[in-house]
Amino acid sequence: MHDVIVVGGSYAGMAAALQLLRARRRVLVIDAGQRRNRFSHAAHGFLGQDGVDPGEIARTARRQLEAYPTLQWVEGTAQGAAGAKDAFSVATASGVHHGRRLLFALGVSDELPAIAGLAERWGRSVFHCPYCDGYELERGRIGVLATGPMSVHQARMAHEWGAVTLFANGAFVPDGATRAELAAHAIALEETPVARLEGRARVVLADGRRLDFAGLFTAPRNRPASPVAQDLGCALAESPFGTQVHTDEMKETSVPGAYACGDAARAPHSVTLAVADGAWAGMQLHRSLVF
């Protein structure tokens, strides 16, 4: 019987586990090894790790966790969770594991716009967070690929890092107020559909025009990368970014004793925010075991 089973061993899950291990609690981490930022070559905006390979950050964190004798790590996928507070179980290919508490640090799946060539450039020249990747574009031209009306907000934000063109691409129909807002901030609006992406960050339009950019941004819809929390009965919530696991301020879900943190349980998303959310969740889990 573990004190806590952490489903998901990326940044949020490991940050939570660290707090619990330092309280000498028995922690099992189940991780499938699919970090959301696995396509990126460098993490930015994370204090003390700016510009470092995100894979190396994760490997270093795991080595540090493994120095604690109360950690057990299972490489695999959580196939299902059952039970209740003080008597949870999580099934994996290696067997069934038991814990007093659960923490879902599931990460998210990105539902990318259906544009040819986008998936291959995701995390390399197409990004979602200007705080994470805007600086490296060196004030060059930026394209924003719309996924809905909220993309106007993303274009306004991206304008801090370079001259912006917003591609409506049929994701929304800009009204007069939107056009005026974009014009007032010198943001170009392109309504010709996008045919595909090529090169590093070249947008090919349906009329044959090719527009080159230093980088592109888009706002994919997100959902938890695994249905295991929902299958347990944890309530979901809608955010401007998609669907996430609903938690209270203590990071507890609607199922008593089951907690959630990281990208799957908060918005907006970044490595910094995931680590902070995980650390807070780990502390609250420990408190629930004490009190």
Over the residues of the range 113-218, compute the C-alpha Rg and express it relative to 2.2 N^0.38 Å.
0.96
SER239 versus ALA67, label points 7 Å from Cα toward the beta carbon: distance in nm?
3.1 nm
Which whole number in µm²/s is D for the chain by Stokes-Einstein, with the Kirkwood Rh taken over Cα pairs at 37 °C and 0.692 mPa s?
163 µm²/s
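Over the range 1-94, what is the relative contact order in whole percent, taking alpha-carbon pairs under 8 Å and six or more residues apart? Walk me through the numbers before you get to the answer.
On the way: 135 pairs, mean separation 25.6, N = 94.
For the range 1-94, the relative contact order is 27 percent.
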If each residue of separation counts as 0.36 nm, what is the full-extension length gain between GLN34 and ALA116 once their alpha-carbon separation is subtracted?
27.2 nm
Step through the residues of the range 80-95 one at a time and calculate ³J(HN,Hα) from phi using the Karplus curve (6.51 cos²θ - 1.76 cosθ + 1.60, θ = phi - 60°), rounding each to whole Hz and writing x for Gly and Pro.
x, 10, 8, x, 8, 3, 6, 8, 8, 9, 10, 9, 10, 5, 8, x
Dmax and Rg, reported as Rg then Dmax, of the range 1-131 (C-alpha, Å)
16.5, 50
Taking the Cα centroid of the range 153-219 and of the range 54-101, what is the distance between the two, rounded to the nearest whole Å?
42 Å
Phi-based couplings in Hz for the range 224-236 (Karplus 6.51, -1.76, 1.60; Gly and Pro marked x):
x, 5, 9, x, 5, 5, 4, 5, 6, x, 5, 5, 9
Helix-only mean residue ellipticity at 222 nm for the chain, each DSSP H run of n ≥ 4 adding -39500 (n - 2.57), per residue, nearest 500:
-7000 deg cm²/dmol
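Taking only complete DSSP H runs, can you tell me which helices of the chain stretch 24 Å or more along their own long axis by Cα positions and average at least -1.0 on the Kyte-Doolittle scale? Please report the intermediate quantities before stating the final value.
Details: long enough: 271-290 (29 Å, 0.76).
Those that pass (Cα extent of 24 Å or more, hydropathy at least -1.0) are 271-290.
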Considering the options SER226, PHE291, CYS261, tell which one lies farthest towards the positive end of the dipole of the range 133-291, charges being +1 on Lys and Arg and -1 on Asp and Glu at the Cβ, about the Cα centre.
SER226
If I model a spin label as a point 7 Å beyond the Cα along the Cα-Cβ vector, how far apart are those points for VAL290 and ALA180 in nm?
5.6 nm
Mind giving me the nanometre distance, one decimal, between the label points for VAL173 and ASP86, set 7 Å out from Cα along Cα→Cβ?
5.9 nm
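Computed from the coordinates by the stated procedures, all read-outs in this text should not be read as laboratory data. Quantities reported herein were computed from a predicted structural model and do not represent experimental measurements. Because the Cβ atoms are built from the backbone with ideal geometry, glycine has one as well, and the counts that use them run over all protein chains shown.
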